[in-house]
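As structure tokens, the structure follows; a few thoughts come after it.
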Amino acid sequence: MTGTDDLKGRVKEAIGDLTDNKDLEREGKADRAAGKVKETLDDFKDKSDDAVDAVKDKIHDATDRK
């Protein structure tokens with residue numbers, strides 16, 4: 001979905017530029033920035049989920065050895 005924000009923002013920016021609508025250009029830039037934030041948060045969530053899974057696996061392996 002973050003790609004959607006980027007695409008939507010680029011379209012708004014382009015239309016704003018073509019029509020000399022500075023508000024629409026700024027809105028497009030804001031949409032693109034929101035998309036980048038969402039992407040960063042998604043990446044962070046994926047990495048933290050992977051780290052939690054790795055810890056769970058180590059705990060599971062350690063308890064299986066006993």
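Can you give the relative contact order of the chain as a percent, counting alpha carbon pairs under 8 Å and 6+ residues apart?
Relative contact order comes out at 30 percent.
Go ahead and estimate [θ] at 222 nm for the chain from helices alone: -39,500 (n - 2.57) per DSSP H run with n ≥ 4, summed, over the residue count, rounded to 500.
-34000 deg cm²/dmol
How far is helix 22-65 tilted off the main Cα axis of the chain, in degrees rounded to 10, range 0 to 90?
Once rounded, one gets 0 degrees.
Among the lysines in the chain, how many pairs, 8 or more places apart or on different chains, have alpha carbons under 30 Å apart?
Total qualifying Lys-Lys pairs in the chain comes to 27.
Report the label-to-label distance for Thr63 and Thr19 in nanometres (one decimal), using points 7 Å from each Cα along the Cα→Cβ vector.
5.9 nm
Below 13 angstrom from the Cβ of Lys38, what's the summed charge of the other residues (Lys, Arg +1; Asp, Glu -1)?
Result for the local shell: -3.
What are the radius of gyration and Dmax of segment 2-65, computed over its Cα atoms and given in Å?
When restricted to Cα atoms, segment 2-65 yields Rg and Dmax of 20.3, 69 Å.
State the extension gain, in nm to one decimal, for the chain segment bounded by Lys8 and Ala51, taking 0.36 nm per residue of separation less the distance between their alpha-carbons.
Extra length from Lys8 to Ala51 when fully extended: 12.2 nm.
Every number in this text was worked out from the coordinates using simple rules, so none of it is lab data. This is a predicted model, so every value here is computed, not measured. All Cβ positions, even for glycine, are placed from backbone atoms using ideal geometry, and neighbour counts span all protein chains on display.
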